[in-house]
Amino acid sequence: MTRACPRLCVFAAACVVIAACAPAREVSRGTLDVAALAALDAWESRGRVALNAEGRGVQANFLWRQDGPKARVQLSGPWGVGAEEVLIEGPEAMLRSDGAWVPMCASPTAPDEMSLLCAGAPLNSLPFWLRGLPDPGRPYQENRSPENGVREFSQAGWRVEVNALARTGPLTVPRRVFISGPGATLRVAITNWALTAAP
């Protein structure tokens, strides 16, 4: 019994990791696990994003990897040529160009849609908004939190709506997020989450 315990523990841990990396299963009812999502130190989400800015629209697949205060985002598909990689840390957003990181919001090589987003969106708030959370460093107003786990709040001149939920492992997480603000809207559909709690 004593010798079997480590194997059982390893098996249980593997099951938790597999569940966290599995596709997010949309649920019709539930409540966003706000406290658990806020406690995450590292996480990954994958899905699709549609940006409409000043009447121009574009879509892309995305892979968002968050590690503490640093986010690395890969965009592929129609957005840009081939793929784009963005690094966000605090107020800084960097774009990988010709093998080097350059300031995204001041780069002449940045796609037009990214430049439009730079003009108004607080990019360092996106790691919170994608989890359905207000940025703790900015004031916000909770607009509604009705049944079925739908959440809406306003922050920094932008409105964030979590309008569909999913289950990933033991947590209820955002499945669809709509972000709207000055001259731009972002529709995010998250198909996969991988979650790591802070130690």
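Whenever a residue of the stretch 66-89 is within 19 Å of ALA39 (Cα to Cα), its partners that are outside any strand (DSSP E or B) and at pLDDT 85 or above, lying with C-beta atoms within less than 7 angstrom and at least six residues away or across chains, give the pairs GLN66/PRO127; ALA71/PRO127; GLU89/PRO69. Within the stretch 100-117, being among the small types (Gly, Ala, Ser) and either at pLDDT below 75 or part of a helix (DSSP H, G or I) (or both) holds for ALA106, SER107, ALA110, SER115. Can you pull out every residue in the stretch 162-199 that is more than 12 Å from the chain's Cα centre (by Cα) and closer than 15 Å to THR31 by Cα? ASN163, ALA164, LEU165, ALA166, ARG167, THR168, GLY169, PRO170, LEU171, THR172, listed by residue number. Each residue in the stretch 182-198 was checked for being modelled with pLDDT of 90 or more, surrounded by fewer than 16 Cβ atoms within 10 Å (Cβ to Cβ) and farther than 25 Å from TRP158 by Cβ, and 0 pass. Look at ARG56 and say whether it is at pLDDT below 75 and loosely packed, with under 15 Cβ neighbours inside 10 Å. For ARG56, the condition - at pLDDT below 75 and loosely packed, with under 15 Cβ neighbours inside 10 Å - is not met. Is there a residue being surrounded by fewer than 19 Cβ atoms within 10 Å (Cβ to Cβ), outside any strand (DSSP E or B), touching a strand residue (DSSP E or B) at 6+ places or on another chain (Cβ under 6 Å) and modelled with pLDDT under 90 anywhere in the stretch 167-181? No, there is no match, as no residue in the stretch 167-181 is surrounded by fewer than 19 Cβ atoms within 10 Å (Cβ to Cβ), outside any strand (DSSP E or B), touching a strand residue (DSSP E or B) at 6+ places or on another chain (Cβ under 6 Å) and modelled with pLDDT under 90.
In this structure, LEU40 does satisfy being within 20 Å of THR168 (Cβ to Cβ) and under 13 Å from the mean Cα position of the chain (by Cα). When you check SER154 against the structure, is it among the hydroxyl-bearing types (Ser, Thr, Tyr), in a strand (DSSP E or B) and modelled with pLDDT of 65 or more, yes or no? Yes.
The values are calculated or read from the model by the stated rules, or taken from the named source; none is laboratory data. Note that the coordinates shown come from a computational prediction; the quantities given were computed from them, not determined experimentally. Cβ coordinates were reconstructed from backbone atoms using ideal geometry, including for glycine residues, and neighbour counts include every protein chain displayed.
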